[in-house]
Structures are given as structure tokens and as C-alpha cells.
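*Asks:* Handing you this structure, nothing more for now.
What follows is calculated from the coordinates using simple rules that are stated; it is not laboratory data. In this text the structure is predicted, and so the values were computed from the model without any measurement. Cβ placement follows ideal geometry from the backbone for every residue including glycine, while neighbour counts extend to all protein chains displayed.
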Amino acid sequence: MEAEADEEDNTFTTISLADDSGENRTTVLHLKEEEEEECFSVKSKMDGDVENQVEVEEKTRLINQVLELQHTLEDLSARVDAVKEENLKLKSENQVLGQYIENLMSASSVFQTTDTKGKRK
């Protein structure tokens, strides 16, 4: 592959390409300074678009992660509330059962306190 540079306008004038058929084809490529800047600008925009796309994808991933964590937090908060209610219910039931057992024990002669000193004499 050959390239000749024209010193006057800073362009490439000829590039020779050989294909498999053995024919030599010549392609002329004119790139002036403005076109080079435009090509660079387009490349920069493409690179910027890729970087922007990566940023957008990262932001989207982070937003989805935050939303998932918010839902998890809501679920955990609801579970904590349910456990608190269940705990209060069980405490109340335990108090009722404790009072019931105490009443049974006081009504039964087996659990009555007796004066053991008086009986031994």
C-alpha cells in the first residue's frame, strides 16, 4: 500500500490497494484540515456517545438497584410491624394464661400453703 502526501494542502492524494484478482486499484482520498477536524469531531462525538451510553447504563443500573433496595426495605418494615403485632398478641395471651394458672393454683388444695411447724408438733 502506497500513500503520497501533497505538501501544499496537507492531503493524501493516492492510495493503491491490491485485491485478490491481481488488479491494482487506486483510490484517491482527499482529507483537508477542516475534514480532519470534522472527522475527529465525529469520532469524539461517537466516543462521547459511547461514554454517555455507559454513564446512562450505569445510572439505570444504580436506579434499579436503589428501587430494589427500597422495595426490600418496605417488605422488611412490613415484616417488623407484623412481628411487633404478633409479639404484643402473644404477651397478652401469656398474661391471660399466667393469670388463669395462678387462679387454678390458688383454688387447688395441692398448692395451698400450709403451716408445717404446727403439724410437726
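*Asks:* At I101 and V66, where each label point lies 7 Å from the Cα along Cα→Cβ, what is the point-to-point distance in nanometres?
*Replies:* In this crude label model, I101 to V66 measures out at 5.2 nm.
*Asks:* While we're on this one: Taking θ = phi - 60°, what integer Hz values does the Karplus form 6.51 cos²θ - 1.76 cosθ + 1.60 yield along region 104-110, in sequence order, with x for Gly and Pro?
*Replies:* 3J(HN,Hα) across region 104-110, in whole Hz: 5, 5, 6, 7, 8, 6, 5.
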